[in-house]
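A.B. asks: Starting off with a structure, shown below.
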Amino acid sequence: MTIKEKEDALVSEFGMFDEWMDKYSYIIELGKEMPLIDEKHKDPQHLISGCQSRVWLNAEIKDGKIQFTADSDAVITKGIISLLLKVVSNEEPKDIAGANFGFLEKIGLKDHLSPTRANGLVSMVKQIKLYAKAFQLKNMN
Amino acid sequence: MNINIEKIRSDFPILSHKINGKQLVYFDNGATNQKPMQVINCISDYYSNMNSNVHRGVHQLSQNATTAFEESRKYVADFINADSEKEIIFTHGTTESINLIANSFENIIGKGDEILITVMEHHSNLVPWQQLCFKKGAKLKVVPITDEGDLDMVFLDSMLSEKVKLLAFAHISNVMGTINPVKEITAKAHKLGIPVLIDGAQAIAHAKVDVTDLDCEFYCFSAHKAYGPMGMGVLYGKQQWLNNLQPYQYGGEMISTVSFEKTAFNELPYKFEAGTPNVAGALAMAEGLRYIDNIGIGNIVEHEDDLLNYATNKLTDIDGMRIVGRSKNKTSVISFLVGDIHPYDIGTLLDQMGVAVRTGNHCAQPLIDNFCIPGTVRASFAIYNSREEIDYFIGALKKSLAMLA
Ligand SMILES: Cc1ncc(COP(=O)(O)O)c(C=O)c1O
């Protein structure tokens, strides 16, 4: 699946929920399935400075595709990260660098990406793209 | 009870708003409280009918604006029982009031001197002193607190000494609601000739503030935490102190005569008010305080105490509940954690149900670190809140906890 196809799949999954509670319950569940970052990487280098909940992110490249792992001490934040990672993990750096995560708006979570939410997700997206660009540069050399 | 909550609520237009499709329950009053029509109308009335620069024009509008502006100052002076309106400096808020004093103390603080604050200070009453100390080679000393969230008076006594050039502390903690024994502490400091600055941001709308009785040198507060507008606040200072301090900013309004060689500064309070002031803000601030007076601070305290006790009892029944700040003397501020659930998760779900609370470190990071916690959820009440809202909040909280378990 392409990034776009994965985004569309998530949008239609979330389309099944009428109630915000069901949406959030699902987000929390997804967080539990996220590939967790190795404990040894939970260091200041992998910490993304958001305001309230702590988020750690790691990326490794395998056969030209990036594998992300992450964790957060807040479960809703973790769930939303898992959505992002579902979409970008196992993709090529150039595709990730171009992703715009428009699906978050479609499933009604865009608020969480606003800088005022102070949950670090904006920095999270930035960091995902930084990893992608760094790997892109490495590939070119 | 002597107050009519329904009537009070009808004064606050924002309270009828829906958030995420649900009736708003506003429990973030510690951050800022909502404004009654009286205050909102006052601002619009000023700009519709009175707007003009103050202290300058001979024309009628300017005279009217100046009179109204100075009457507001008088109202504030009476509200906190200051000796004279000369002791009321208008600022942008608590933060600027504290910075003004920190700046003006640059001449007073020297190498080896100490400034004493407490663990429970808001960043606004910490960083200005810390930076002043850095600049002057002075030492910032911090009075610890007990597990309940009271100041440790034994430590305080041992830390007061001739080296201390200022004691600055909060009247009421914005995280724990602790009401500090301000008068008693001020008297202790005065025994050693130490001046006292009190951060009254959380007190002005929730406790009787009488600066003559407290006898403090400086008292700071923000209008927006007292049903008034944002961007407006007060520095109260005893006249003999203010007279001796250097000005904070320079420009128009704060001078009496100017030549290219020298400037004579204006008298109090204008010496500390450079530039065109926030006239609408001053009028609306006084209107907010008048709103408090009309209900009566005694009635407000009684009502908010009732809410505090009611909510504390209901919260205590919840499994894994930890209330941070259990002083016997507190206002209606409740910080809590449940098990190891992150405050952010609880705040996010409560928001979905229309309940506005604050989560995080509440601009008091050292205090949060002191408890070794990731932050708290904070519910803080005001005069328009009700037991019914607390019932709804408890229900919403239980629902959130079930989802997060
Ligand atoms: C105890 C305390 N001090 C200072 C402040 C700062 O007030 P302002 O932001 O209005 O200057 C606050 C506001 O949150 C506070 O609660």
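A.B. asks: Report, ordered by the first and then the second residue, all pairs with beta carbons closer than 7 Å, sequence separation of six or more or different chains, a first member in segment B:152-168 that is not assigned by TED's automatic domain parsing to the domain that holds B:Ala189, and a second member that is surrounded by fewer than 18 Cβ atoms within 10 Å (Cβ to Cβ).
C.D. replies: Cβ pairs passing all conditions: none.
Here's the yes/no breakdown for (1) within 27 Å of B:Leu401 (Cβ to Cβ); (2) within 12 Å of chain B (Cβ to nearest Cβ); (3) free of Cβ contacts under 8 Å to residues at least 60 places away in the same chain:
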{"site": "A:Asp8", "(1), (2), (3)": "no, no, no"}
{"site": "A:Ser12", "(1), (2), (3)": "no, no, yes"}
{"site": "A:Met16", "(1), (2), (3)": "yes, no, yes"}
{"site": "A:Asp22", "(1), (2), (3)": "yes, yes, yes"}
{"site": "A:Glu29", "(1), (2), (3)": "yes, yes, yes"}
{"site": "A:Asp38", "(1), (2), (3)": "no, no, yes"}
{"site": "A:His41", "(1), (2), (3)": "no, no, yes"}
{"site": "A:Ser53", "(1), (2), (3)": "yes, yes, no"}
{"site": "A:Gly64", "(1), (2), (3)": "no, no, no"}
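A.B. asks: Here's a follow-up. Please go through (1) in contact (Cβ under 8 Å) with a residue 60 or more places away in the chain; (2) more than 14 Å from chain A (Cβ to nearest Cβ); (3) within 12 Å of the ligand (Cβ to nearest atom) for B:His123 and return the number of the only condition it doesn't satisfy.
C.D. replies: Status for B:His123: all satisfied but (2).
A.B. asks: If you don't mind, there's one more thing I want to ask. Is it true that some residue in segment B:207-224 is closer than 23 Å to B:Leu116 by Cα, among the hydroxyl-bearing types (Ser, Thr, Tyr) and either within 11 Å of the ligand (Cβ to nearest atom) or open to solvent by less than 50 Å² (accessible area, probe 1.4 Å) (or both)?
C.D. replies: yes
A.B. asks: Let me ask something additional. May I ask you to verify whether B:Leu268 is away from chain A (no Cβ under 14 Å), more than 11 Å from the ligand (Cβ to nearest atom) and either over 17 Å from B:Ile88 (Cα atoms) or buried (at least 21 other Cβ atoms within 10 Å of the Cβ) (or both)?
C.D. replies: no
A.B. asks: Related question: Does segment B:8-23 contain at least one residue that is within 16 Å of the ligand (Cβ to nearest atom), surrounded by 14 or more Cβ atoms within 10 Å (Cβ to Cβ) and of a type in the set (Gly, Ala, Ser)?
C.D. replies: no
A.B. asks: Considering only residues of segment B:148-185 that are surrounded by fewer than 17 Cβ atoms within 10 Å (Cβ to Cβ) and within 25 Å of B:Gly237 (Cα to Cα), which is nearest to the ligand (Cβ to nearest atom)?
C.D. replies: Checking each candidate, the answer is B:Pro181.
A.B. asks: Take residues that are open to solvent by 10 Å² or more (accessible area, probe 1.4 Å) and away from every other protein chain (no Cβ under 14 Å) and tell me which of the strands (runs of 3 or more DSSP E) falling wholly in segment B:305-400 contain 2 or more.
C.D. replies: Answer list for segment B:305-400: B:321-324.
A.B. asks: Check B:Ala77, B:Ala82, B:Ala65 and return the single one that is open to solvent by less than 70 Å² (accessible area, probe 1.4 Å) and farther than 29 Å from B:Ala203 by Cβ.
C.D. replies: Only one candidate passes the filter, namely B:Ala65.
A.B. asks: Inspect all residues belonging to segment B:89-104 and state whether any of them is open to solvent by less than 70 Å² (accessible area, probe 1.4 Å), in the same structural domain as B:Gly228 (by TED's automatic domain parsing), among the hydrophobic types (A, V, I, L, M, F, W, C) and more than 16 Å from the ligand (Cβ to nearest atom).
C.D. replies: Looking through segment B:89-104, none of the residues is open to solvent by less than 70 Å² (accessible area, probe 1.4 Å), in the same structural domain as B:Gly228 (by TED's automatic domain parsing), among the hydrophobic types (A, V, I, L, M, F, W, C) and more than 16 Å from the ligand (Cβ to nearest atom).
A.B. asks: Turning to a different aspect of this structure: For segment A:8-49, which positions are β-branched (Val, Ile, Thr) and in contact with a Phe, Trp or Tyr (Cβ under 6 Å, 6 or more places away or on another chain)?
C.D. replies: Matches in segment A:8-49: A:Val11, A:Ile37.
A.B. asks: Here's something else I'd like to know. I'd like the full set of residues that are open to solvent by less than 70 Å² (accessible area, probe 1.4 Å) and hydrophobic (A, V, I, L, M, F, W, C), limited to segment A:1-20.
C.D. replies: Of everything in segment A:1-20, those that are open to solvent by less than 70 Å² (accessible area, probe 1.4 Å) and hydrophobic (A, V, I, L, M, F, W, C) turn out to be A:Ile3, A:Ala9, A:Leu10, A:Val11, A:Phe14, A:Phe17, A:Trp20.
A.B. asks: A further question follows. Only one of A:Asn119, A:Asn139 is modelled with pLDDT under 90 and within 14 Å of chain B (Cβ to nearest Cβ). Can you tell me which?
C.D. replies: The match here is A:Asn119.
The values are calculated or read from the model by the stated rules, or taken from the named source; none is laboratory data. This structure is a prediction, so every number in the text was calculated from the model and none was measured. Cβ atoms come from the backbone with ideal geometry, glycine included; neighbour counts cover every protein chain shown. When the accessible area is computed, the model is the full protein with side chains, heavy atoms only, and any ligands, DNA or RNA have been set aside. Shrake-Rupley method; radii C 1.70, N 1.55, O 1.52, S 1.80 Å.
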